[in-house]
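**Student:** Here it is: the structure, laid out below.
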Amino acid sequence: METLGNILLIIVSICTFISYFPQIVKCLRTKQAEDLSIWSWCLWVFSSISYSLYAVLCTDTVMLIVETSLELAFCLIILICAIAFRDKKDKHIKTVTICGSMKFQKEMIDIAMELELKNNWCVLQPVFSNKPLNDNEKEIVAQIHYKKIDISDAIYIVNIDGYIGESVKEEIAYAKAHGKEIIYKEKPNEKV
């Protein structure tokens, strides 16, 4: 019976190695661990410590002690990788749609670059054209601009010298109705 027990422990040890080793290799190779739950691996380590203590204190089976120690070592390595390779910065990049009068076209282009470089935001800009648009084209561009607001976390209002046109006021109302953050370049002169 002891031989069967040792065979079963060898199988468990091999399965432990096969199950944990690829995760360790992946973490060490990619230096990324965002997909690992630190809390889950803390529980695995706690469980492995308990099992190892049981093996040492309550049995004299060398194979069980080796297997539990091996499992504990692998769990600790994965937990350390999960902590060490966790990306410390916020993985969510704020997406912001710029809203402003077309008379501020040049300023909006410069502001978009500044917001991306300084704030690390993904900035969606209005479409600018040197040719006049017909009514159908204006409607298409407006619909797409509202879609940009839909997929954004916030809108950034370019209100130079306090100017906010009627279209931008409508965009602000739309963004508020959809729970978007409203960010102003300049403090608004009036309640919008």
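**Student:** Would you check if there is a residue in the range 67-77 being within 30 Å of residue 174 (Cβ to Cβ), touching a Phe, Trp or Tyr at 6+ places or on another chain (Cβ under 8 Å) and modelled with pLDDT of 85 or more?
**Tutor:** no
**Student:** Here's a follow-up. Out of 135, 110, I need the residue that is among the acidic types (Asp, Glu), farther than 18 Å from residue 160 by Cα and either assigned by TED's automatic domain parsing to the domain that holds residue 163 or touching a residue at least 40 places away in the same chain (Cβ under 8 Å) (or both). Which one? Outline the logic, then answer.
**Tutor:** On the way: 110 fails: farther than 18 Å from residue 160 by Cα.
Just one listed residue meets the conditions, 135.
**Student:** If you scan the range 124-139, which residues turn out to be more than 14 Å from residue 101 (Cα to Cα) and either surrounded by 12 or more Cβ atoms within 10 Å (Cβ to Cβ) or touching a Phe, Trp or Tyr at 6+ places or on another chain (Cβ under 8 Å) (or both)?
**Tutor:** Passing the criteria: 124, 133, 137.
Let's see how each residue does on (1) assigned to a helix (DSSP H, G or I); (2) over 15 Å from residue 182 (Cα atoms):
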{"position": "98", "(1), (2)": "no, no"}
{"position": "103", "(1), (2)": "yes, yes"}
{"position": "111", "(1), (2)": "yes, yes"}
{"position": "130", "(1), (2)": "no, yes"}
{"position": "133", "(1), (2)": "no, yes"}
{"position": "141", "(1), (2)": "yes, yes"}
{"position": "146", "(1), (2)": "yes, no"}
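**Student:** Please give the number of the condition residue 78 fails out of (1) β-branched (Val, Ile, Thr); (2) surrounded by 18 or more Cβ atoms within 10 Å (Cβ to Cβ); (3) in a helix (DSSP H, G or I); (4) not assigned by TED's automatic domain parsing to the domain that holds residue 28.
**Tutor:** So the condition that residue 78 fails would be (4).
**Student:** Among the listed residues 98, 164, 160, identify the single one that is touching a Lys or Arg at 6+ places or on another chain (Cβ under 8 Å), surrounded by 15 or more Cβ atoms within 10 Å (Cβ to Cβ) and β-branched (Val, Ile, Thr).
**Tutor:** 160
**Student:** Next question. Which residues, taken from the range 113-128, are in contact with a Lys or Arg (Cβ under 8 Å, 6 or more places away or on another chain) and either over 18 Å from residue 155 (Cβ atoms) or assigned to a helix (DSSP H, G or I) (or both)?
**Tutor:** Result: 119, single match.
**Student:** Okay, next question. Are there any pairs, at least 6 apart or on different chains, whose C-beta atoms fall under 9 Å, with the first in the range 33-58 and over 19 Å from residue 83 (Cα atoms) and the second in a loop (DSSP other than H, G, I, E, B), and if so, which?
**Tutor:** 55/61
**Student:** While we're on this one: Take the conditions of a type outside the set (Asp, Glu), outside any loop (DSSP other than H, G, I, E, B), within 30 Å of residue 6 (Cα to Cα) and touching an Asp or Glu at 6+ places or on another chain (Cβ under 8 Å) and apply them to residue 55. Does it pass?
**Tutor:** It is true that residue 55 is of a type outside the set (Asp, Glu), outside any loop (DSSP other than H, G, I, E, B), within 30 Å of residue 6 (Cα to Cα) and touching an Asp or Glu at 6+ places or on another chain (Cβ under 8 Å).
**Student:** Restricting the range 18-51 to residues that are of a type in the set (S, T, N, Q) and part of a helix (DSSP H, G or I), which is farthest from residue 76 (Cα to Cα)?
**Tutor:** Among residues in the range 18-51 that are of a type in the set (S, T, N, Q) and part of a helix (DSSP H, G or I), the one farthest from residue 76 (Cα to Cα) is 30.
**Student:** Taking into account only those residues within the range 1-32 that are surrounded by 13 or more Cβ atoms within 10 Å (Cβ to Cβ) and of a type outside the set (A, V, I, L, M, F, W, C), which is farthest from residue 81 (Cα to Cα)?
**Tutor:** 6
The values are calculated or read from the model by the stated rules, or taken from the named source; none is laboratory data. Model, not experiment: these values are computed from the prediction. When we count neighbours, we look across all protein chains shown, and the Cβ atoms used for this are built from the backbone with ideal geometry, even at glycine.
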